[in-house]
1. Can you tell me which residue within the range 67-89, out of those that are of a type outside the set (A, V, I, L, M) and away from ligand 1 (no atom under 12 Å from the Cβ), is least open to solvent (accessible area, probe 1.4 Å)?
2. Filter the range 47-100 for residues that are out of contact with any Ser or Thr (no Cβ under 9 Å at 6 or more places or on another chain) and of a type in the set (Asp, Glu) and give the result.
3. Which of the residues spanning the range 173-207 are within 16 Å of ligand 2 (Cβ to nearest atom) and assigned to a helix (DSSP H, G or I)?
4. Please name all residue pairs, on different chains or six or more residues apart, with Cβ atoms under 7 Å, provided the first residue is in the range 188-210 and is open to solvent by less than 10 Å² (accessible area, probe 1.4 Å) and the second residue is of a type in the set (Lys, Arg).
5. Only one of (1) open to solvent by less than 10 Å² (accessible area, probe 1.4 Å); (2) touching a residue at least 60 places away in the same chain (Cβ under 8 Å) fails for Gly93. Which number is that?
6. Name the pairs whose Cβ atoms lie under 8 Å apart, with the first residue in the range 271-286 and open to solvent by 40 Å² or more (accessible area, probe 1.4 Å), the second part of a helix (DSSP H, G or I) and within 13 Å of ligand 2 (Cβ to nearest atom), and 6 or more positions between them or separate chains?
7. Restricting attention to the range 117-153, which residues are assigned to a loop (DSSP other than H, G, I, E, B), away from ligand 1 (no atom under 16 Å from the Cβ) and either more than 17 Å from the chain's Cα centre (by Cα) or among the acidic types (Asp, Glu) (or both)?
8. Determine which member of the set Ala254, Ala243, Ala260 is away from ligand 2 (no atom under 14 Å from the Cβ) and either open to solvent by less than 20 Å² (accessible area, probe 1.4 Å) or within 17 Å of Glu154 (Cβ to Cβ) (or both).
Amino acid sequence: MSLLIDNIGELVTNDDGYGRLTTLAHAAVVIEEEKIIWVGRSKGAPAADHHIDAAGRAVLPGFVDSHSHLVFAGDRASEFEARMAGKPYTGGGIRTTVAATRAATDGELRDAARRLRDEALRQGTTTIEIKSGYGLSVTDEARSLRIARELSEETTFLGAHVVPPEYADRVDDYVSLVCGPMLHAAAPHAKWIDVFCERGAFDVDHARAILTVGQAAGLGVRVHANQLGHGPGVQLAVELDAASADHCTHLTDADVDALAGRGWTVATLLPGAEFSTRSPYPDARRLLDAGATVALATDCNPGSSYTSSMPFCIALAVREMRMTPAEAVWAATAGGARALRRDDIGVIRPGARADLIILDAPSHLHLAYRPGVPLISEVVHNGVKL
Ligand code: NIG
Ligand code: FE
């Protein structure tokens, strides 16, 4: 079965290979099965079995949300309420969600995660990375990842999110558990390993030990780095050739230089977290001007950022982080793909996966220009229209 989308006012292709948003006017796309097979001017488009007239609207690659924590139970609305009344965010509430997650049945966890995944999909997110990290026991981490794997091929083992209460004052023992039996149970369901490298979570030596054994087990590396204060997370991510250093809120010049260097570690910025914890935003302009590759993601989780909306993150990045609309849309599509080391998503070119969205607007600018407005009018995921 093939599908032609023609009369596209602005097609975002991201196909120049230089990390810039690229567009084609008066365009058309042809999809066959789960792949894009043709991209060009609407006038010369080949025929197909099915047809959508975009009527001058913009078409973009589906969003690539490269950082989320969708497998959890309960919520922390009252913690949010307290924060909005002035209480600072410390990450301490993670343990509340761990208790709720452990108490939930598989069915409850699966239904809740699927609801969030579907919510993201309706808002144009066609790839979503999903982390564990609210189980923190061998069986609870393994089941979180089994559920994550049912919803996404991009799954991340985050057994080192925080030290669970039963290991308080026994951090070394917990790290041994994570590096041994927990990794063993998690690895078959995971593509990536992540550590929350932060004061109050895991220090750099523990983080390096965990990430290194994960790497040896065949997992790619990502790091929660420099979210709540300055620290060694970003440098560790670059040292280990992590696909991504996530958050990057508190950076020294040396951290920026490391991210802008010759390596391939993407700086993934998560402005939903700063919004929802009322914290200063990361300095995207400084990273971009230094030459770093920047991705945008939601960090969707019940504590620091309970949003699944990539358009919301784009609007924040433009308004609050001085990214141009083109930089922000690139970061939310091709940037996320780089953070997952993928070249078949985040782009619209022959051979890429048929993941795209039709906006109820004439250009990508409207995603930031019309914040909070549901502009995603059609979503095609894996060649199938929702
Ligand atoms: O990325 N920083 C650590 N983990 C999450 C927050 C998790 C939570 O508060 O439940 C984050 O912001
Ligand atoms: Fe996170």
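1. From the range 67-89, those of a type outside the set (A, V, I, L, M) are 67-69, 72, 74-76, 78-81, 83, 86-89; that's our starting set.
When the remaining residues are screened for being away from ligand 1 (no atom under 12 Å from the Cβ), the result is 78, 81, 86-88.
Values: Ser78: 86, Glu81: 129, Gly86: 62, Lys87: 132, Pro88: 100 Å².
For the range 67-89, the residue satisfying everything is Gly86.
2. Selection gives Asp53, Glu81.
3. Residue satisfying the conditions is Ala207 alone.
4. Asp194/Lys131; Asp194/Arg222
5. Here Gly93 clears every test but (1).
6. Matching pairs, first to second residue: Ser279/Ala273; Pro280/Glu274; Tyr281/Pro271; Tyr281/Glu274.
7. Taking the range 117-153 and keeping what is assigned to a loop (DSSP other than H, G, I, E, B), we get 123-124, 129, 132-137, 152-153.
Now restrict to residues that are away from ligand 1 (no atom under 16 Å from the Cβ): 123-124, 137, 152-153.
Of everything in the range 117-153, those that are assigned to a loop (DSSP other than H, G, I, E, B), away from ligand 1 (no atom under 16 Å from the Cβ) and either more than 17 Å from the chain's Cα centre (by Cα) or among the acidic types (Asp, Glu) (or both) turn out to be Ser137, Glu153.
8. Details: Ala254 fails: either open to solvent by less than 20 Å² (accessible area, probe 1.4 Å) or within 17 Å of Glu154 (Cβ to Cβ) (or both); Ala260 fails: either open to solvent by less than 20 Å² (accessible area, probe 1.4 Å) or within 17 Å of Glu154 (Cβ to Cβ) (or both).
Matching residue, one of Ala254, Ala243, Ala260: Ala243.
The values are calculated or read from the model by the stated rules, or taken from the named source; none is laboratory data. This structure is a prediction, so every number in the text was calculated from the model and none was measured. Neighbour counts are summed over all protein chains in view; Cβ atoms, including those assigned to glycine, are modelled from backbone coordinates with ideal geometry. Side chains included, ligands, DNA and RNA excluded: accessible areas come from the protein's heavy atoms. Shrake-Rupley method; radii C 1.70, N 1.55, O 1.52, S 1.80 Å.
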